[in-house]
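These notes are about the structure you will find just below.
The values are calculated or read from the model by the stated rules, or taken from the named source; none is laboratory data. Because the structure is predicted, anything quoted here is derived from the model rather than measured. Ideal geometry is used to build each Cβ from the backbone, glycine not excepted, and the neighbour counts take in all protein chains shown.
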Amino acid sequence: MKSGPLPWLTLCLCLTAILGCGYTVANTTLSNDYRTLAIPAFKNESFEQEIQIRASNALVREMEADGRFRIVDDPASADLVLKGAITSFDARAISFSTDDNIGQFKITLTARVALEDTRTGKALWEQDSLQGTDFYQTQGGRTREEALDEATENLVETIIYECFESYW
């Protein structure tokens, strides 16, 4: 006896429901209540020149790509404001060659970040010591600039995770 497409369709739907596809859209409890986000330029409390510009630009770029909020320039027109400061920059030698020359550095960026509700003026979330790190070699391999870019990206990923995904 020949069966129609219904048993196969039913089987496919059941398998899809059981296994799922593994894809989810970024979402937080904030996304239902808040639609716009302003990210003013971070302050720089470190000795590394213009590191705050690099961090601010990377954060705006990542939040625009994320899509859960519409990014606006003016904090007064935003539902939320994500404020921050780069509090330290550290480039520390972590390995040496046999003739005592530095072989590798570790870069660490530390930031203080707060998410504020503009309606109430209250901080919804804040952290004083979020970090991003990366490494570079003095001879060959990755450059200081490449490591600084990667440390900045790591910091931004940490900010987004801690602020919008982990806390809520």
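Structural remarks
- Hits in segment 89-114 (condition: under 16 Å from Ile51 (Cβ atoms) and of a type outside the set (D, E, K, R)): Phe89, Ala91, Phe105, Ile107, Thr108, Leu109, Thr110, Ala111, Val113
- Residue satisfying all of: in segment 146-168; touching a Gly at 6+ places or on another chain (Cβ under 9 Å) and of a type in the set (A, V, I, L, M); farthest from Asp128 (Cα to Cα) among these: Ala151
- Residue within segment 97-107 that is in contact with an Asp or Glu (Cβ under 7 Å, 6 or more places away or on another chain), of a type in the set (Val, Ile, Thr) and farther than 21 Å from Glu165 by Cβ present: yes
- In the set Ile107, Ile86, Ile102, only one residue is more than 26 Å from Arg61 (Cβ to Cβ) and not basic (Lys, Arg); that residue is Ile102.
- Count of residues meeting criterion [modelled with pLDDT under 95 and surrounded by 13 or more Cβ atoms within 10 Å (Cβ to Cβ)] in segment 52-68: 2
- Residues located in segment 62-77, provided they are in contact (Cβ under 8 Å) with a residue 24 or more places away in the chain, at negative phi and not hydroxyl-bearing (Ser, Thr, Tyr): Glu62, Met63, Asp66, Arg68, Phe69, Arg70, Ile71, Val72, Asp73, Asp74, Pro75, Ala76
- Identity of the residue in segment 138-160, over 11 Å from the mean Cα position of the chain (by Cα) and of a type in the set (Val, Ile, Thr), that ends up nearest to Val60 (Cα to Cα): Thr143
- Members of segment 37-51 found to be surrounded by fewer than 16 Cβ atoms within 10 Å (Cβ to Cβ) and in contact (Cβ under 8 Å) with a residue 12 or more places away in the chain, listed by number: Pro40, Ala41, Lys43, Glu45, Phe47
- Among (1) touching a residue at least 12 places away in the same chain (Cβ under 8 Å); (2) out of contact with any helix residue (DSSP H, G or I) (no Cβ under 7 Å at 6 or more places or on another chain); (3) of a type outside the set (Phe, Trp, Tyr) - the single one Ile86 does not satisfy: (2)
Table: residues versus (1) in contact (Cβ under 8 Å) with a residue 12 or more places away in the chain; (2) under 27 Å from Arg35 (Cα atoms); (3) crowded, with 19+ Cβ neighbours inside 10 Å.
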residue: Asp90; (1), (2), (3): yes, no, no
residue: Ala93; (1), (2), (3): yes, no, no
residue: Phe96; (1), (2), (3): no, no, no
residue: Gly103; (1), (2), (3): yes, no, no
residue: Thr110; (1), (2), (3): yes, no, yes
residue: Arg119; (1), (2), (3): yes, yes, no
residue: Thr138; (1), (2), (3): yes, no, no
residue: Leu148; (1), (2), (3): yes, no, yes
residue: Ile159; (1), (2), (3): yes, yes, yes
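- Residues in segment 69-88 that are touching a Lys or Arg at 6+ places or on another chain (Cβ under 8 Å), hydrophobic (A, V, I, L, M, F, W, C) and either under 10 Å from Ile39 (Cβ atoms) or loosely packed, with under 12 Cβ neighbours inside 10 Å (or both): Phe69 alone.
- Within segment 91-122, the set of residues being among the hydroxyl-bearing types (Ser, Thr, Tyr) and more than 17 Å from the chain's Cα centre (by Cα) comprises Ser95, Ser97, Thr98, Thr118, Thr120.
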